[in-house]
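K.L.:
Pasting a structure here, questions to come.
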Amino acid sequence: MQDDRALDAYSTVVIGVAEALTPRVAALRIRGQRGESAGSAVVLSDEGHLITNAHVVGDASAGEAAFADGTTARFEVVGRDPLSDLAVIRVDRAVPGPPAYGDAEDLRVGSLVVAVGNPLGLAGSVTAGVVSGLGRSLPARGRRSARIIEDVIQTDAALNPGSSGGALADSRGRVVGINTAVAGIGLGLAVPVNATTHRIIAALLHDGRVRRAYLGLVSSPAPLPPAWAERTGQRTALRVVEVVEGSPAALSGLRRGDMVLALDTVALGDAQSLQRRLFADAIGTRVEITVLRNGALVDVVAEPAELSD
């Protein structure tokens, strides 16, 4: 009897999320240079904006969206950002009000999540599972540059081709991720909805693209020597693996082997923490980089350029 009550409670949560989200997730059809593709999108605003994956829209400028009530609409691509795998589109008809958007930072491993999308052309499909991992990384490439998508959500909620661009919601029906990839059986990945994502979406709505700053270094997280960890209160830093010749990092005097501790006194412990600092407002702005070099702290000054893609 107790198991039945637990199952009923689980079903009630999933049903509630599905009923709230299904009308707000559209199936997309896109005809581009590489043929026809399909995916999903989630209503973003009352003005007809939806959010999806950049890889779903590809190079296309328009397509067709179909909603759960059977209505269809044409859409235009407002902006896309391959380096975060996010895109914003706008349909030519009224849409249901947007769902609530949550914060992926509130998720925990084991949290119940519900995926809503249109896998394999099956509109309005709902699957449920748990968060099976947090803080994952997913490489993304533009035409000439690459980036690591940070804090990716891993889930065992079933995702299939066509799920991309659909919603990953928590037990309260708040969208906390945009489904982006099927990494294997029982392994799906979603771009998190967080402060960085909102910043990217705002740029896409306003400018149609995301401007990023470029330093020109390759780094990897590495532990600080115990004495320095105790002195700085920081366990890890970014070890410089490569400095691109002629880049802002090279001009600043950064060297291979340097341990980057901070940017403008803000501690850096992983590649994502550096990426968060390199948006449009950092372009052409002098930044102070604190590094550990040969057992001593050294400050260098760099002026990030604009990343071209």
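The numbers here are math on the coordinates, done by the rules we state, and not lab data. None of these values were measured; they are calculated from a predicted model. Note that we place each Cβ from the backbone using ideal geometry, even for glycine, and neighbour counts take in every protein chain shown.
K.L.:
I'd like to compare 254-267, 39-52: which one has the highest average count of other Cβ atoms within 10 Å, and what's the full order after that?
P.N.:
Final packing ranking: 39-52, 254-267.
K.L.:
Is region 200-260 rounded, prolate or oblate when judged by the Cα gyration tensor, a ≥ b ≥ c being the square roots of its eigenvalues, rounded requiring a/c under 1.5 and prolate requiring a/b larger than b/c?
P.N.:
Oblate, because a/c is 1.5 or more while a/b does not exceed b/c.
K.L.:
Using amide H atoms built 1.01 Å from N in the peptide plane, name the residues 5+ places from residue 128, or on other chains, whose amide H lies under 5 Å from its own.
P.N.:
Sorted by chain and number, the residues that satisfy this are 115, 158.
K.L.:
Let me ask you something else. Under 1.5 on a/c is rounded, so check that first for region 73-135, then, if it is not, pick prolate when a/b is larger than b/c and oblate when it is not; a ≥ b ≥ c are the square roots of the alpha carbon gyration tensor eigenvalues.
P.N.:
In terms of gyration-tensor shape, prolate.
K.L.:
So how far apart, in nm, are the two label points at residue 148 and residue 281 if each is 7 Å from Cα heading toward Cβ?
P.N.:
Computed distance between label sites residue 148 and residue 281 equals 2.4 nm.
K.L.:
Residue separation times 0.36 nm, minus the C-alpha to C-alpha distance between residue 231 and residue 106: what's the value?
P.N.:
41.9 nm
K.L.:
To the nearest 10 degrees, how steep is helix 195-207 against the longest Cα principal axis of the chain, on a 0 to 90 scale?
P.N.:
80 degrees
K.L.:
I've got another one for you. So, R0 is 35 Å and r is the distance between the beta-carbons of residue 130 and residue 267; what FRET efficiency does that work out to, to 0.05? Mind showing how you got there, number by number?
P.N.:
Values: r = 32 Å, r/R0 = 0.90.
Once rounded, the FRET efficiency stands at 0.65.
K.L.:
Can you list the residues, at least 5 places off or on another chain, whose amide H is less than 5 Å from the amide H of residue 236, using H built in the peptide plane?
P.N.:
Under 5 Å from the amide H of residue 236 lie the amide H atoms of 224, each far enough along the sequence or on another chain.
K.L.:
Here's a follow-up. Please give the helix 2-21 orientation as an angle from the longest Cα principal axis of the chain, in degrees from 0 to 90, rounded to the nearest 10.
P.N.:
80 degrees
K.L.:
Convert each backbone phi in region 266-282 into a coupling constant with the Karplus relation 6.51 cos²θ - 1.76 cosθ + 1.60 (shift: θ = phi - 60°), then list the ³J(HN,Hα) values in order as whole Hz, x for Gly and Pro.
P.N.:
8, 4, 10, x, 8, 4, 5, 5, 6, 4, 4, 8, 10, 9, 4, 5, 8
K.L.:
Another question about this same structure. For residue 84, what residues show an amide H to amide H distance below 5 Å, using hydrogens built from the backbone and excluding near sequence neighbours?
P.N.:
none
K.L.:
Shifting gears a bit: Which whole-number percent gives the relative contact order of region 233-309, counting Cα pairs below 8 Å spaced six or more residues apart? Could you put the intermediate results ahead of the total?
P.N.:
Numbers: 127 pairs, mean separation 23.6, N = 77.
So the answer I get is 31 percent.
K.L.:
Sticking with this structure for a sec: What does a probe at residue 137 reach in region 190-213, counting residues whose amide N is under 20 Å from the point 7 Å along Cα→Cβ?
P.N.:
What the label zone holds, given the 20 Å backbone N cut-off, is 190-197, 212-213.
K.L.:
Here's a follow-up. Compute the distance in nm between two label points, each set 7 Å from the Cα along the Cα-to-Cβ direction, one at residue 72 and one at residue 199.
P.N.:
According to this spin-label approximation, the distance is 4.0 nm.
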